[in-house]
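Asks: My structure is below; once you've seen it, I'll send some questions.
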């Protein structure tokens, strides 16, 4: 059920029965010396594709680039401005609306995307577009957070977390052969948010945000991913029950 | 401590000691037949000005117009597009930053403003602006919500709520002489969000969102406002403790 | 007749009879050490609200923030860019047009707003919007200027004028308790316009533009305000006679 | 002294002595059945080039396209949106500023350009650009208006005027061989401004605005052009006396 | 050498030696009933990753969404507006420039991307950004076109070509199990370009543009991909010889 | 057949028979010490107007300002940003489309305009506008290039070429009286493209790009212009055969 592997004829047939599409979004940003630059879109893609397979819904191509301005002091990060990201999301949604999709759900792996994606939804509604738009950030789902707390306690932190790194380790073990294994200190600075790139680097010098990234393990990744898939499906079911009232 | 009543010389003097400013924001939107179109900015202004007086911080002029696209099917509502609102907030913050303010706190009376205001903060940080930016929505503060629940239970709802109408009734009793007093049904539709203007009107035909607006009373308004002021001050104190790390 | 105190039901009833709305606009900018940062919106609001009361037309919430780039070298000034201000004005007008208002009149207290507001009108017409749009700057009305000349002669100047400060003194006497009373020189530089913030400060070091701000008196404020109200009403009557030809 | 005929080496030499440049702007819009679509830029170009020759200042290439939205119901009109026109003017000014020009004067033949050009100046100053920017609309100069009144009285009107058509007739007599010579009624509707394309056509069905276009004569064109050149030079001299204070 | 699998520490190390990065871009658009919606990014990604492996240069995450407005009449297509796409490309390039990359090469699988990508390069240079930016469209490389002509002659066409479908068939054979195998007519309309979505559908009713998509074979895909990789490497070598003159 | 000399009534009559319009575009940019700043629009205008005369099609006013960012280090150059130029082109095309023109052909004298003009066409089609849009760059036409090669061989170069200077010499001989006649070296740097203004100046210090500008002669200009006119007419005939399919 990957849109990228379908023809338009197959999409037309799908739209006879369903009007839901999942769109994985993430970021291209540093995840400390321990994690992958692609962590956020790799995890979101894995969740979305497994969900798509289980409940038989179409999954659009993954949009890897996101809003990562605060990580720009670390090499390899690529960020869109919030306003460009809004326009990007808006035009992708508009495209799918034109074909008849009415439940457009972003599966998100990156906190920095949430504000602009929600504002893109507002802008679409300002332009009188119809339909249900949602963003599900797997790492914010309560059941996932409970599981992660059981596994890592307060060492999970907020960026380059052992949970997200565990998933990527499970999915791409070979990429971790040259990542460091040393433990570092965990600082808990009393700071504000959002930070610009210089403020961020000053407060979080190696890119972690209060996380013990080194605790990541493949076996944890497998169960966290499973829980993310399961609860994302629950969320989608709730959305599907709402129908689209304006038709 | 109203900026509008100060001269630039007085602002310079203030900036020798403090670098915090409060900016009340709200909306110009229908609040059912029971409430005032200005409800959101009237309440935010009242909270901000009382806070400003108690803790001696400058309060900027109130920005009444906000992001209210979903209420446009009701006469008298005026909305900005999310993108224009982002630029507006961004330029107001930039202006105050130029003078040396470093803690810029929006006191908000309207849920629809939250996404674009937060995205404006992101955009400012993308442009490498420094300083602490925050939005405090008085109606989302936990203590306020607890008090409101005690007063109205699940009849509070989400728009044209008895709590916000109580505050405006307390502040502007004369405006309520010609408002209706009849009770109506409270519908609890299982709907999605955001809605466009037509979807909103279809689901919430008289502009209320699950709220018993008619329960509003001046005396409730007085105590809710007091609680909003008190907890907003608590929030501001927490922000002040964070300092600005990049200086 | 304040829109902010009405419900949408009352606006609907009003629109059965009239399609005119007044919108006070001003600025948040320095007005020398003698005057208030809010001078321009305070005066515009006072004129608009008194006009609204006398001729029974709706007055929208005051938009305090305006185009004040040239005053940014003085603390406390907040400016919008001309392009953002155009979009802001355009979207407010568009909102009121959607409800059926067809005579949309800005009551203006700040010269810097005139170009972008007029350009916003052009942009609305470029987008084929119908209706009458007008901006009445009370301080540019001939009768007001005649009165002011009688009172202050060539000491009126162009910014932080004794006339506008007189009105604010009349309206908010308490704010003037700590303003200076000393007289200064009145320079008449042969300069060009517009100026940027650095050029402005260089030419007008204390923020006055050829004005004897200290001549302001409450009693003058009262009669200037009355004349501004009276002649604004005359202007509005002329507009109302024009009808809207395209309906 | 036409920029288009110079090499950059010659411009460099010029900038050693002077920092003024004239830029003719007009419109591509209907001028009734009697006048030329190019009227506004043809007249502005003629004024600017003759001025440039007499006082030896550089004249930039003519920008024919302007803000003519209200004439779009008449074939052959081409309009820019006000916002695009602002950006266009802004970037042309910015370009000349980069080379060291500091007195940038638009010689204008079209009323519809005035608001966006002035707003472009505001935007440039908002962006802290230095220098003197001016727009001289030859048809608004008092001496020109006096002469035109002597020639045509109240039959001059406001668009496709006998004065502007006289100048083009003087400059391009051959283009008038197939233009009509019949007289029509002169209507003086009590209307508002600005109008959109449909409102305009409705009120001014043949494109004239209260003007007796047929009164245009080559001989009048010659003397009006001469007066426009003479008074434009006076205006420029006043500007040159102001210097640029910020250097 | 996939950026997504690296940490920022590894990117820093890479930048000590090289300053080149490849960015695969494509489209999400119909490719007739015979081909995959993801064809353009799947092929570009395959070329870029193989090139990256052979010459040891970093490959950024694939940007699947592109400028596909002309295919929007076919279900499943998602298009960005040209202006949003320009901003997107501009911000990705800007991000990599900030880290020290100076040779930024887009490996492109879609003709519709070329104009906006080149305009984004122009806009970056307008903003005075330094470095080499290039777009290599594998299907336009002469050697590739020669090979394709040998294989398919004039049945290659311009969209949903047997060559690009061959590559995807080679890479994702399983996706072709349910694609049709019937042959259709090949029309050669004498048309213009660009077309909007309705014009396109009218002229090319099943989405092919003069191509015999059914001629695609896995074995052809393998050799075309190899030739695309080989000649792309040649192109990159030419670029590397140019150095960056401004450092 | 110059639009600027027509009335709207004459345009209406023309549109009864034809729906084609030519728009000359060029640039205001340095052309070495040997050539004119207006070279690109002077040549494009000459080609377009002669073509218009011969095949009796309307020619719109010349747009002299173009996208010349790379020449900004040389005095007298004026550039638009690519994005503003896109909007400008888009709005001119939109204007002519509204009147019924359906074949809108830009006659171009400047390479830097090509990317943004083509992207403007894409943007118009994205907005579902109909009709044929084309850009004919006379200097890129094969027959013209063949002739130029016969005349100048590899001394033609890429900017301030003897061919374009020959045409302007033929058209405006008086402007060349004070241009230098000395020969210089011809460098053939192995560089990349596009360049920003500093990179360009560094590589091409006197503004020529590998060209022997001094070889320009009036007599060459005459025959090159003739060939450009002749082959442009051929191109237009090909376009006219394509019709507009969507009507």
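Values in this text are rule-based calculations from the coordinates and carry no lab data. Just so we're clear, the structure is a prediction, and the values are computed from it rather than from any experiment. As a convention, Cβ positions derive from the backbone with ideal geometry for all residues, glycine included, and neighbour counts pool all protein chains shown.
Asks: Please specify each residue of the range A:65-83 satisfying the condition of being in a loop (DSSP other than H, G, I, E, B), within 7 Å of another protein chain (Cβ to nearest Cβ) and within 12 Å of residue B:126 (Cβ to Cβ).
Replies: Residues satisfying the conditions are A:67, A:72, A:80, A:81.
Asks: For residue D:36, are the conditions met, namely being within 17 Å of residue D:78 (Cβ to Cβ), touching a residue at least 60 places away in the same chain (Cβ under 8 Å), at the interface with another protein chain (Cβ under 9 Å from one of its Cβ atoms) and in contact with a helix residue (DSSP H, G or I) (Cβ under 7 Å, 6 or more places away or on another chain)?
Replies: Working: within 17 Å of residue D:78 (Cβ to Cβ): yes; touching a residue at least 60 places away in the same chain (Cβ under 8 Å): yes; at the interface with another protein chain (Cβ under 9 Å from one of its Cβ atoms): yes; in contact with a helix residue (DSSP H, G or I) (Cβ under 7 Å, 6 or more places away or on another chain): yes.
So residue D:36 fits the description; yes.
Asks: Which of the following residues is at positive phi and surrounded by 24 or more Cβ atoms within 10 Å (Cβ to Cβ): D:26, D:35, D:76, D:66?
Replies: Details: D:26 fails: at positive phi; D:35 fails: at positive phi; D:66 fails: at positive phi.
Answer to the check: D:76.
Asks: Going residue by residue through the range F:50-62, is there one that turns out to be farther than 30 Å from residue D:18 by Cβ, in contact with a helix residue (DSSP H, G or I) (Cβ under 8 Å, 6 or more places away or on another chain) and part of a strand (DSSP E or B)?
Replies: Step one: filter the range F:50-62 for residues farther than 30 Å from residue D:18 by Cβ, giving F:50-60.
Of the ones still in play, those that are also in contact with a helix residue (DSSP H, G or I) (Cβ under 8 Å, 6 or more places away or on another chain) are F:50-51, F:54-55, F:57-60.
Filter once more, keeping what is part of a strand (DSSP E or B): F:58-59.
Checked against the condition, which is being farther than 30 Å from residue D:18 by Cβ, in contact with a helix residue (DSSP H, G or I) (Cβ under 8 Å, 6 or more places away or on another chain) and part of a strand (DSSP E or B), the range F:50-62 yields at least one hit.
Asks: Within the bounds of the range E:3-26, is there any residue that is in a strand (DSSP E or B), farther than 15 Å from residue E:232 by Cβ and either within 7 Å of chain A (Cβ to nearest Cβ) or more than 14 Å from the chain's Cα centre (by Cα) (or both)?
Replies: No, the conditions are met nowhere in the range E:3-26.
Asks: So residue C:81 passes all but one of these: (1) more than 29 Å from residue B:11 (Cα to Cα); (2) surrounded by fewer than 24 Cβ atoms within 10 Å (Cβ to Cβ). Which condition number does it fail?
Replies: (1)
Asks: Being touching a residue at least 40 places away in the same chain (Cβ under 8 Å) and buried (at least 23 other Cβ atoms within 10 Å of the Cβ) is the requirement here; does residue B:15 meet it? Break it down into steps so the answer makes sense when it comes.
Replies: Working: touching a residue at least 40 places away in the same chain (Cβ under 8 Å): yes; buried (at least 23 other Cβ atoms within 10 Å of the Cβ): no.
Judged against the criteria, residue B:15 is not a match.
Asks: I would also like to ask the following. Output the number of the condition that residue E:126 fails; it satisfies all remaining conditions of (1) in contact (Cβ under 8 Å) with a residue 40 or more places away in the chain; (2) touching a helix residue (DSSP H, G or I) at 6+ places or on another chain (Cβ under 6 Å).
Replies: Failed condition: (1).
Asks: Is there a residue being under 19 Å from residue E:157 (Cβ atoms) and not in a helix (DSSP H, G or I) anywhere in the range E:39-49?
Replies: No, because not a single residue in the range E:39-49 is under 19 Å from residue E:157 (Cβ atoms) and not in a helix (DSSP H, G or I).
Asks: Oh, and also: Just checking, which of B:194, B:173, B:180 is in contact (Cβ under 8 Å) with a residue 24 or more places away in the chain, within 19 Å of the chain's Cα centre (by Cα) and on the phi < 0 side of the Ramachandran plot? Let's see the steps before the verdict.
Replies: On the way: B:173 fails: within 19 Å of the chain's Cα centre (by Cα); B:180 fails: within 19 Å of the chain's Cα centre (by Cα).
Every option except B:194 fails the conditions.
Asks: Looking only at the range C:214-229, decide whether some residue is in contact with a strand residue (DSSP E or B) (Cβ under 8 Å, 6 or more places away or on another chain) and either closer than 30 Å to residue D:123 by Cβ or in contact (Cβ under 8 Å) with a residue 12 or more places away in the chain (or both). Give the steps one after another, and end with the answer.
Replies: Within the range C:214-229, the subset in contact with a strand residue (DSSP E or B) (Cβ under 8 Å, 6 or more places away or on another chain) is none.
Looking for residues that are in contact with a strand residue (DSSP E or B) (Cβ under 8 Å, 6 or more places away or on another chain) and either closer than 30 Å to residue D:123 by Cβ or in contact (Cβ under 8 Å) with a residue 12 or more places away in the chain (or both), one finds none in the range C:214-229, hence no.
Asks: Do we have residue E:119 as in contact with a helix residue (DSSP H, G or I) (Cβ under 6 Å, 6 or more places away or on another chain) and within 14 Å of chain A (Cβ to nearest Cβ) here?
Replies: On the way: in contact with a helix residue (DSSP H, G or I) (Cβ under 6 Å, 6 or more places away or on another chain): yes; within 14 Å of chain A (Cβ to nearest Cβ): no.
Criteria not met by residue E:119.
Asks: Let me ask something else. Scan the range F:218-227 and tell me whether some residue there is more than 22 Å from residue F:49 (Cα to Cα) and out of contact with any helix residue (DSSP H, G or I) (no Cβ under 8 Å at 6 or more places or on another chain). Can you show your working first?
Replies: Here is the first cut: in the range F:218-227, the residues more than 22 Å from residue F:49 (Cα to Cα) are none.
Within the range F:218-227, none of the residues are more than 22 Å from residue F:49 (Cα to Cα) and out of contact with any helix residue (DSSP H, G or I) (no Cβ under 8 Å at 6 or more places or on another chain).
Asks: Restricting the search to the range A:39-62, which residues are within 11 Å of chain E (Cβ to nearest Cβ) and under 15 Å from residue A:170 (Cβ atoms)?
Replies: A:39, A:42, A:45
Asks: Any idea which of (1) out of contact with any helix residue (DSSP H, G or I) (no Cβ under 7 Å at 6 or more places or on another chain); (2) more than 12 Å from every other protein chain (Cβ to nearest Cβ) is the one residue B:186 doesn't satisfy?
Replies: (1)
Asks: When only residues in the range A:107-117 that are farther than 29 Å from residue E:197 by Cβ and without any contact (Cβ under 8 Å) to a residue 60 or more places away in the chain count, which is surrounded by the most Cβ atoms within 10 Å (Cβ to Cβ)?
Replies: Looking at the filtered set, the residue picked out is A:115.
Asks: OK, next. Just checking, which of D:104, D:165, D:136, D:86 is over 27 Å from residue D:197 (Cβ atoms), surrounded by 24 or more Cβ atoms within 10 Å (Cβ to Cβ) and within 20 Å of the chain's Cα centre (by Cα)? Before you say what the answer is, go through the steps one by one.
Replies: Details: D:165 fails: over 27 Å from residue D:197 (Cβ atoms); D:136 fails: surrounded by 24 or more Cβ atoms within 10 Å (Cβ to Cβ); D:86 fails: over 27 Å from residue D:197 (Cβ atoms).
Going through D:104, D:165, D:136, D:86 in turn, just one is over 27 Å from residue D:197 (Cβ atoms), surrounded by 24 or more Cβ atoms within 10 Å (Cβ to Cβ) and within 20 Å of the chain's Cα centre (by Cα): D:104.
Asks: Can you list the helices (runs of 4 or more DSSP H) lying wholly within the range F:133-246 that have 2 or more residues being under 30 Å from residue F:91 (Cβ atoms)? Outline the logic, then answer.
Replies: On the way: elements: F:142-152, F:162-171, F:197-203, F:218-241.
Here the list reads F:162-171, F:197-203, F:218-241.
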